[in-house]
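Everything below concerns the one structure shown next.
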Amino acid sequence: MARTIFLFLLSLFLLTACSSGPQYQDGTYSAYSEADDYGYARAEVTISNNEITEVRLEEFTGKGEPLDFSTYPYQPTVEGVQVMKERFIEANSADVDTYSGSTHSSQKYIDAVEKALQLALEDPEEIENDYWDGTFLGTAKNENIRAVAWVSIKDDRIIDVFFNEVDLETGQFFDWENREYEKLPEARREMQERIVLEGTLDVDTFSGATESSELWLQAAETAREKARIE
């Protein structure tokens with residue numbers, strides 16, 4: 001009788017312990033990390049029976065270009081992406097150590113996986129905002145230029161924005177102090193100020209630099225979409 005009671009209590013304890021952690025819905029969930037000058041990451045996390053069964057990780061540069069791990073020369077980054085995938089699955093969590101030699105990338109992977117897992121929660125805490133707080137990177141391009149926008153959001157309001165442009169012929173950022181069209185540096189400053197003042201992307205373009213203004217706004221919108229909570 002005592003043995004039966006002991007086994008019953010042990011089973012109850014184990015059941016309680018197993019159910020005390022986060023409970024996830026089955027499905028595949030994706031999210032982006034915050035961005036900095038060096039870029040950002042994207043995570044796609046698949047859940048089945050409350051277990052992480054698969055993790056897909058991508059990384060992008062500060063110019064908005066995807067990293068090709070098959071040709072990337074820095075080996076710790078190449079090794080790190082695979083190790084981090086395995087750690088997330090083994091821990092069934094984003095609470096894992098970073099990979100030595102690839103700490104910066106690891107932190108971005110952790111951020112993206114944390115966000116994806118919050119979306120997967122069966123009983124998530126009520127989220128009132130439409131966007132994650134933080135800084136996110138977006139791009140837009142025309143024939144010769146890729147506009148890059150870093151957009152910082154707090155409580156659904158844009159609190160900071162920074163635009164840059166990549167010359168698609170050289171792959172390098174433009175020198176803003178020596179642009180051929182002298183209105184562009186002024187237009188960039190003005191557009192950034194307008195957006196922060198209004199806290200939104202619903203602003204007028206800069207007269208005399210309409211095409212560039214529209215491209216910057218498109219890049220900023222893709223950045224904001226990466227922050228959207230869905």
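Structure values in brief
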item	result
Helix-only [θ]222 nm of the chain, DSSP H runs n ≥ 4, -39500 (n - 2.57) each, per residue, nearest 500	-12500 deg cm²/dmol
Rounded FRET efficiency, nearest 0.05, which uses the C-beta distance separating Glu225 from Glu193 and R0 of 22 Å	0.45
Length-normalised contact order of the chain in % [C-alpha pairs under 8 Å, at least 6 apart]	18 percent
Rounded to the nearest 20 debye, dipole of the range 134-226 from Cβ charges on Lys, Arg, Asp, Glu	300 debye
Length gained when the stretch Glu214-Asn144 is fully extended (0.36 nm per residue, less Cα-Cα span)	23.7 nm
The range 22-120 - percent relative contact order, Cα under 8 Å, separation 6 or more	33 percent
Gap separating the Cα centres of the range 109-154 and the range 19-51, nearest whole Å	12 Å
Inter-label distance, nm, simple model (7 Å from Cα along the C-beta direction), Glu177/Arg56	4.4 nm
Chymotrypsin sites (Phe, Trp or Tyr not before Pro) within the range 120-213: DSSP coil, no more than 13 neighbouring Cβ in 10 Å	Tyr181
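Every number in this text was worked out from the coordinates using simple rules, so none of it is lab data. Quantities reported herein were computed from a predicted structural model and do not represent experimental measurements. Please note: Cβ atoms are built from the backbone with ideal geometry, for glycine as well, and neighbour counts cover all protein chains shown.
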